[in-house]
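Visitor: For reference, the structure I am asking about is given below.
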Amino acid sequence: MLAREDVSLDAYLRLKTPRLGKPAGLIGTVYAVGTDQAGDWYFQLRYLNEPPGTRTRAGSQWSLNLHEEDLEHFDRIDTWDQVKKLLRESKPPRKPRTEEMKLPAYLRGKGHPNQLRLFEDC
């Protein structure tokens, strides 16, 4: 089990179980460690492979304050090579672009056939 002493700045942690709306397998680097105003120990992660649509705070890639009881949900990753391998494995496969998708959205032919299209060359 991960202990408080294992968490230091720039350490890599992997989420073992889904937690706080985040999927299992999420990898983060420790961004901050400290004590809050109440004197409770906390740490923050900067996520490296957060899937689109899972951010709880708009525009933020950092976690909320995580505390000692949250450590049981994380594993430490010891080397950068392990992190790179896990990041490659966690990327969803890319869908190949079709010819239609290469066109700008206003030229894709969506909508009613009698609708006037602005910006289309006649």
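Visitor: Please note which strands (runs of 3 or more DSSP E) are completely contained in segment 3-53 and include at least 1 residues that are more than 13 Å from I77 (Cα to Cα) and touching a residue at least 24 places away in the same chain (Cβ under 8 Å).
Guide: 27-35, 41-47
Visitor: Run down E99, E72, E89 and say which single residue is within 30 Å of L2 (Cα to Cα) and modelled with pLDDT under 85.
Guide: E89
The values are calculated or read from the model by the stated rules, or taken from the named source; none is laboratory data. From a predicted model like this one, the values you see are computed outputs, not experimental measurements. So basically every Cβ, Gly included, is an ideal-geometry build from the backbone, and we count neighbours across all protein chains shown.
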